[in-house]
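Undergrad: Attaching a single structure in structure tokens format; questions to follow.
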Amino acid sequence: MKDHEKPEISNYIKQGENLGYNKRYLTNKRNPWYKIEHRKPASILFGVFTRNRLKVIRNLTTAINFTCFHCFYPNMFGEQLINKLFVYLLSDTGQEIIKTNKRSYGDNLDKFEPGDLNE
């Protein structure tokens with residue numbers, strides 16, 4: 001028996017559909033809609049919001065993120081340079097360059113979108 005065949009789980013899924021969760025932006029792109037995305041751990045994680053320095057984390061674990069960080073996945077050429085890139089992103093120069101592409105909100109809150117970081 002699959003988990004979704006249990007009445008409790010089936011009712012929970014139906015409740016989500018009745019509330020329209022299956023029609024939301026991310027969930028309507030999944031099959032089935034309630035399945036959590038699978039991704040590999042990113043080598044570097046970037047904080048979305050900051051008031052000072054951008055949060056840059058070198059991920060040496062199998063931890064994955066869902067919403068509070070942006071992921072950086074190097075290509076096959078960048079993989080060998082990942083530690084150097086990480087140190088550069090922590091440097092004052094790297095931080096200043098990254099901050100040229102950001103959204104600014106009240107009370108000195110900066111937000112970084114994935115496209116901002118790609119620039």
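The values are calculated or read from the model by the stated rules, or taken from the named source; none is laboratory data. This one's a predicted model, so the numbers in the text were calculated from it and none came from an experiment. Please note: Cβ atoms are built from the backbone with ideal geometry, for glycine as well, and neighbour counts cover all protein chains shown. Surface areas here come from the heavy atoms of the whole protein model, side chains and all, with no ligands, DNA or RNA. Shrake-Rupley method; radii C 1.70, N 1.55, O 1.52, S 1.80 Å.
Undergrad: Just to compare against my own numbers: the Cα pair-distance distribution for region 42-119, 5 Å bins, whole % per bin, please.
TA: P(r) for region 42-119, in whole percents per bin: 3, 15, 26, 27, 19, 7, 2, 1.
Undergrad: Then there's this: Which of the peptides 41-54, 13-26 is most tightly packed, and how do the rest follow, judged by the mean count of other Cβ atoms within 10 Å per residue? Before the final figure, lay out the partial values.
TA: Details: 41-54: 15.9, 13-26: 11.6.
Final packing ranking: 41-54, 13-26.
Undergrad: With +1 on the Cβ of every Lys and Arg and -1 on the Cβ of every Asp and Glu, and nothing else charged, how large is the dipole of the chain about its Cα centre, in debye rounded to the nearest 20?
TA: Working: 19 positive and 13 negative charges, 43 e Å.
Roughly 200 debye for the chain.
Undergrad: At a Förster radius of 22 Å, what calculated FRET efficiency corresponds to the Cβ-Cβ distance of residue 60 and residue 97, to the nearest 0.05? Display every interim value, and only then the final one.
TA: On the way: r = 24 Å, r/R0 = 1.10.
Computed FRET efficiency for residue 60 and residue 97: 0.35.
Undergrad: Could you state the accessible area per residue of region 8-83 in Å², with a 1.4 Å probe and every protein chain left in place?
TA: Details: 5790 Å² over 76 residues.
Using a 1.4 Å probe on heavy atoms only, each residue of region 8-83 averages 76 Å².
Undergrad: Also: How large, in percent, is the carbon and sulfur part of the accessible surface of the chain at a probe radius of 1.4 Å? Please list the in-between numbers first.
TA: Working: 4930 of 9020 Å².
C and S atoms contribute 55 percent here.
Undergrad: Could you give the nm distance between label points at residue 109 and residue 76, where each point is 7 Å from its Cα heading toward the beta carbon?
TA: 4.3 nm
Undergrad: Could you work out the local net charge near residue 26, counting Lys and Arg as +1, Asp and Glu as -1, over the other residues with Cβ closer than 12 Å to its Cβ?
TA: Working: positive: 23, 24, 29, 30, 35; negative: 37.
Surrounding charge for residue 26 is +4.
Undergrad: Measure out, as a whole number of angstrom, how far apart the alpha-carbon centroids of region 23-47 and region 99-119 sit.
TA: Between the Cα centre of region 23-47 and that of region 99-119, the gap is 22 Å.
Undergrad: Taking every pair of Cα atoms in region 80-119, average 1/r, invert it to obtain the Kirkwood radius, and report Rg/Rh to two decimals. Could you put the intermediate results ahead of the total?
TA: Details: Rg = 11.6 Å, Rh = 11.1 Å.
When Rh is taken as the Kirkwood radius, the ratio is 1.04.
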